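Notes to accompany the following structure.
Where a number appears in this text, it was derived from the coordinates with a stated rule and is not lab data. Computed from a predicted structure; not experimentally measured. Neighbour counts are summed over all protein chains in view; Cβ atoms, including those assigned to glycine, are modelled from backbone coordinates with ideal geometry.
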Amino acid sequence: MFRTALLTASKTFNHLAGAVCAAALLATMGCSNSSEKSAGDASKPAATKSASATGKTTTGTAGEKPAPAKPAAAPAGAVVKFPAGPAKPVTSEPWGKLPDGRQITLYTLDNGKGLRVKVADYGALLVSIETPDRTGKLADIALGYAKLADYFDDAGTKSGTYFGAVVGRVANRIAHGRFTLNGVTHDLFKNNDPAGIPCSLHGGKTGFDKQFWHAATPTGDNPTIVLVRTSHDGEENYPGNLSVVVTYTLLPDNTLRVEYSATTDKPTPVNISQHSYFNLAGEGNGTILNHELRLVASNITPVNPGLIPTGKLLPVKGTPFDFTTPHKIGERVDALDKDVEHQLEYGAGYDHNWVLDGASGGAPRLAAEVYEPTTGRVLTIKTTEPGIQFYCGNFLKGDITGKSGKKYIRRGGFALETQHFPDSPNQPAFPSIILKPGDTYKSVTEFTFSAR
């Protein structure tokens, strides 16, 4: 089951031979690659290396036609077809400044067929995702903030939620904030401590979620934004200069395609993910406990009280973790009397990695489907990754006000983070996440939005 496979190559990067270089890619798009600093401490130079690894190798005009009528509610189970129009050019607007004065831009992608997404070049954030319900009514289904400054206070802290961010260099947890590679031990910033047991979470204090990304919007049939940055050798104490590319593309079938690519000049762990929280009833509209979830996964990687995998697999059959057929998220989330190996207790609900069935690394395969019965919205996820972290918002406390002015209550959103398994650098039985010079990290995840 645990075998390393090369991920499918994205056509976006087919013209790039060998290593992917941030500067080179941006140059082909007419963009510069200026020196980067952490947004959280913009006055300081890039982090210095404390440990290293030795590598072997327009508005409307007069005469416009009226908007088409919204579709009527479809019979139960029927897939709603929405009016189709041409994709719109990517637009941009100022969205605030970093502490060092750099301008952050908010980009809008609209496929003209019911999917509209806003992306920021800070944290590679998905700031909003608007999709229609079964009647054609649009709503933003992604949790997040209205102002850029709110993300400064949130991302990368112990209480951080990582709303909408790309997380890395290594997503999820690394036990004790430490790993050893080629005989060198790398101590990472410990920014999370479940049950009082410290670990490094989602890249550390100033991970990818808290960085400026260079953006380009290439022309083509599908609205696209390419975000690029270099994670320097020693950043968050990870070895190697890592050139990273994240591409968001809206496809005609209302799919948001997310592609990741990276190269390095030293061996280094890499596990990049997208950390959007969803509420298919609309962000801020109650809990997600009535959402029906299916996961194409027969096992989880069980965790200890510190939410670190034990290194073994746990079959989900006959447990509250069995979503191989659809179940409401709230149906068994608090069923401690049916708990297995204290997993619900340790996670305060669901906050675990599911091992996806089938081989990873080929074309994106079905991983998850979520259905919200009151609106009819459906989210379908396909990925090339071997795992998916399902988190049901256990630690949202109602003290965060979202972009619509509503409080985000406990379990008011869920995340489905496609990934390699948590703590992989310290788990020899897990698929490796070590990227070597000369190799290219590639990963693809597709989020498809529909209604029925």
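In table form, for the structure just shown:
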| item | result |
| --- | --- |
| Estimated FRET transfer efficiency when R0 is 30 angstrom, pair residue 97-residue 137 (beta carbons, to 0.05) | 0.30 |
| For region 220-357: relative contact order, % (alpha-carbon pairs under 8 angstrom, 6 or more apart) | 18 percent |
| Cα gyration tensor, region 296-339 - rounded (a/c under 1.5), prolate or oblate | oblate |
| Net length gained if the chain between residue 339 and residue 153 were fully extended (0.36 nm per residue, minus Cα distance) | 63.4 nm |
| Vicinal HN-Hα couplings computed from phi for region 190-203 (Karplus, 6.51 cos²θ - 1.76 cosθ + 1.60; Hz; Gly/Pro x) | 9, 10, 8, 8, x, 6, x, 9, x, 8, 9, 10, 6, x |
| Furthest towards positive pole of dipole, 278, 256, 296, structure part region 253-299, Cβ charges | 296 |
| Calculated SAXS-style log₁₀ I(q)/I(0) at q = 0.16, 0.18, 0.21 Å⁻¹ - region 324-452, Debye, Cα scatterers | -1.01, -1.19, -1.37 |
| Residue 197/residue 432 FRET efficiency (R0 25 Å; Cβ-Cβ; nearest 0.05) | 0.55 |
| Rg to Rh quotient for region 159-258, alpha carbon positions, Kirkwood Rh | 1.06 |
| Under the Karplus curve 6.51 cos²θ - 1.76 cosθ + 1.60, θ = phi - 60°, whole-Hz ³J(HN,Hα) for region 213-226, x wherever Gly or Pro sits | 10, 6, 10, 9, 10, x, 7, x, 6, 10, x, 9, 10, 10 |
| Rounded, prolate or oblate (a/c below 1.5 giving rounded, otherwise prolate when a/b exceeds b/c) for region 240-287 by Cα gyration tensor | oblate |
| Cα gyration tensor, region 193-351 - rounded (a/c under 1.5), prolate or oblate | oblate |
| Sequence-separation-based contact order of region 351-452, relative, with Cα cut under 8 Å and 6+ spacing, percent | 31 percent |
| Reachable aspartates and glutamates, given that their alpha-carbon falls under 17 Å from the alpha-carbon of residue 442 and they are not under 8 places away in the same chain | 259, 265, 385, 417 |
| Cross-link pairs beyond the 19 Å C-alpha cut-off, checked among 113/407; 97/406; 190/210; 190/436 | 113/407; 97/406; 190/436 |
| For residue 443, residues with placed amide H under 5 Å, excluding near neighbours | 260 |
| Mean separation of Cα contacts under 8 Å (6+ apart) over length of region 89-194, as relative contact order % | 15 percent |
